[in-house]
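Asks: One structure, as structure tokens, below. Some questions next.
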Amino acid sequence: LIDKSDKYDSRDVERLQQDDKWVENYLHWRHDVVDDTLKMIDESFQWRKEYTVNDLTESVLPKWLFENGALFLHGYDKEGYKLFWFRVKHHVRDPKQQLEKKKLVAFWLEHYAKRDHGKPLTVVFDMAETGISHIDLDFVRFIVSCFTDYYPNFLTKIVIFEMPWIMNAAFKIVKGWLGPDAISMLKFTNKSDVQEYISGEYLPPHMGGTDSFKYSYPPLVDDDFQTPLCENGPITSEDEHESKEEIDADTKETVELNEEQNLNQKKMNSVEQISKSEETDKTEFKPKNAKKALTTFKGPLLHISPAEELYFGSKETGEKKCLIVLTNVTKNVVAFKVRTTAPEKYRVKPSNSSCEPGTSLDIIVSLHGGFAASLQDRFLIMAAEMDQSSGAGVPELTQFWKEVPRTKVMEHRLRCHVVESSKPSSLTLKENTFNVPAKTNEDLHIQLTRLLQINKRLQEQIDRCLWFQQLSVVLSLLSVTVVAFCFYLTYTQRS
């Protein structure tokens with residue numbers, strides 16, 4: 001590799017020397033045959049430099065490529081692998097555009113490989129409503145070769161939906177490109193059997209599913225999170241069937257919670273991560289199979305609790321609400337947005353707002369209707385600093401998000417976790433934490449931790465008040481001294 005280093009991007013060579021997992025993926029994909037592995041590394045590195053893979057961004061690719069909607073990432077298969085969609089009906093064979101389209105494939109693969117550290121993908125060729133003009137064997141071959149030759153151990157299966165009969169002969173050629181190992185990954189499906197591999201929640205209606213997701217551009221922060229939530233959550237038919245009692249109870253609970261939060265959280269400093277001693281105590285209380293200790297993600301703009309996962313109950317346990325605490329650690333107003341991979345399931349209040357400097361704000365995430373949380377559900381919190389002169393109303397926020405550069409947006413992702421039986425030790429809002437008697441040592445610890453955090457905030461607020469009080473006394477004494485000195489000067493001049 002060293003002899004041909006001029007043919008490679010130095011960043012790839014450096015990564016190969018430092019990333020053992022990457023080397024293992026090449027070896028595994030070539031069945032631990034060293035010569036074959038080196039050959040694959042050589043070919044893939046030359047390809048990566050030719051396509052400038054490390055430098056592919058939205059700005060260097062034509063906007064129409066993204067708007068076309070032929071290629072995108074969205075959803076998961078039944079094994080939890082990300083779906084890479086190729087909507088063939090949106091692709092028209094055109095040799096003049098071929099290179100740019102191939103770079104778009106490379107952009108998406110590299111985008112996902114860097115974000116999820118190479119976790120494998122499932123490719124879906126959606127061939128519904130396709131005809132002769134959409135058939136492009138060269139482009140199909142390129143997509144296949146990306147997985148077989150350039151991205152090692154990155155393919156789990158290729159799901160082909162409703163392949164037209166005219167493509168039967170062509171796919172015999174495709175099988176020849178795949179080789180014997182990858183042929184077993186081909187899954188030919190139609191509406192009646194595609195759900196063997198992908199559940200209905202991630203299939204569009206024309207494939208027999210219920211996924212209302214529609215690809216659109218912009219934005220392109222992460223294709224999982226295309227659909228922003230509105231302030232009161234998405235409106236679905238499920239809402240119409242909720243009883244008035246449920247809505248009233250939900251409103252009352254939210255109001256009581258907000259009153260308590262407003263008393264304890266206005267103009268307070270950030271919630272610090274639990275100290276090591278506190279975590280040690282939590283470990284002693286922790287029952288078997290319970291979740292890990294509550295932590296705080298410390299971002300440059302916001303501190304976010306919990307740091308990694310939102311804990312919901314299963315249908316049996318009935319835990320349907322979680323709390324996300326955002327704390328602004330800057331000296332400016334921070335605008336934030338919350339997005340989700342499953343907007344039909346969740347209400348987020350607030351989902352698009354701002355946080356004042358030094359204050360904490362609670363976001364309530366709740367399931368509604370008959371929905372249950374899924375391990376594949378994700379939340380994305382986006383945040384960016386606003387100028388002091390900017391307003392924080394809905395029009396101002398809308399304009400702000402249109403203009404803010406991507407480089408200035410902080411992003412943090414949260415996963416969902418479903419608790420089957422024992423009550424989770426997270427910020428879950430099934431009941432008011434302060435009014436429910438402790439049922440377990442862990443519940444008691446959660447309450448104590450929450451009280452300690454509030455107590456710490458109040459103590460900091462008191463310390464600030466005392467400091468201001470002392471400063472006021474000093475300034476008052478200085479004022480008296482200055483006034484007295486002025487009187488003295490006036491008296492001496494008259495004498």
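The values are calculated or read from the model by the stated rules, or taken from the named source; none is laboratory data. Every value quoted in this text rests on a predicted model; they were computed, and no experiment measured them. Every residue, glycine among them, receives a Cβ derived from its backbone with ideal geometry; neighbour counts consider all protein chains shown. Surface areas here come from the heavy atoms of the whole protein model, side chains and all, with no ligands, DNA or RNA. Shrake-Rupley method; radii C 1.70, N 1.55, O 1.52, S 1.80 Å.
Asks: Of the residues that sit in the stretch 360-392 and are over 29 Å from GLU201 (Cα atoms) and of a type in the set (A, V, I, L, M), which one is farthest from the chain's Cα centre (by Cα)?
Replies: The qualifying residue farthest from the chain's Cα centre (by Cα) is ALA392.
Asks: Right, here's the next one. All but one of (1) at pLDDT below 90; (2) within 31 Å of the chain's Cα centre (by Cα) hold for ARG30, so report the exception by its number.
Replies: All conditions are met except number (2).
Asks: Here's a follow-up. For the stretch 44-65, give me each residue that is of a type in the set (Lys, Arg) and more than 14 Å from SER10 (Cα to Cα).
Replies: Within the stretch 44-65, LYS63 is the sole residue that qualifies.
Asks: Among the residues of the stretch 353-374, write down those that are touching a residue at least 40 places away in the same chain (Cβ under 8 Å), more than 14 Å from PRO343 (Cβ to Cβ) and open to solvent by 10 Å² or more (accessible area, probe 1.4 Å).
Replies: Correct list: SER353, SER354, GLU356, GLY358, THR359, SER360, LEU361, ASP362, ILE364, GLY370, ALA372.
Asks: What number of residues within the stretch 375-390 are buried (at least 17 other Cβ atoms within 10 Å of the Cβ) and not aromatic (Phe, Trp, Tyr)?
Replies: 10
Asks: Here is a further query. Tally up the residues in the stretch 122-143 that are at pLDDT 85 or above and either within 16 Å of LYS101 (Cα to Cα) or touching an Asp or Glu at 6+ places or on another chain (Cβ under 6 Å) (or both), please.
Replies: 7
Asks: Among the candidates LEU83, LEU56, LEU73, which residue alone is farther than 24 Å from THR130 by Cβ and not aromatic (Phe, Trp, Tyr)?
Replies: LEU56
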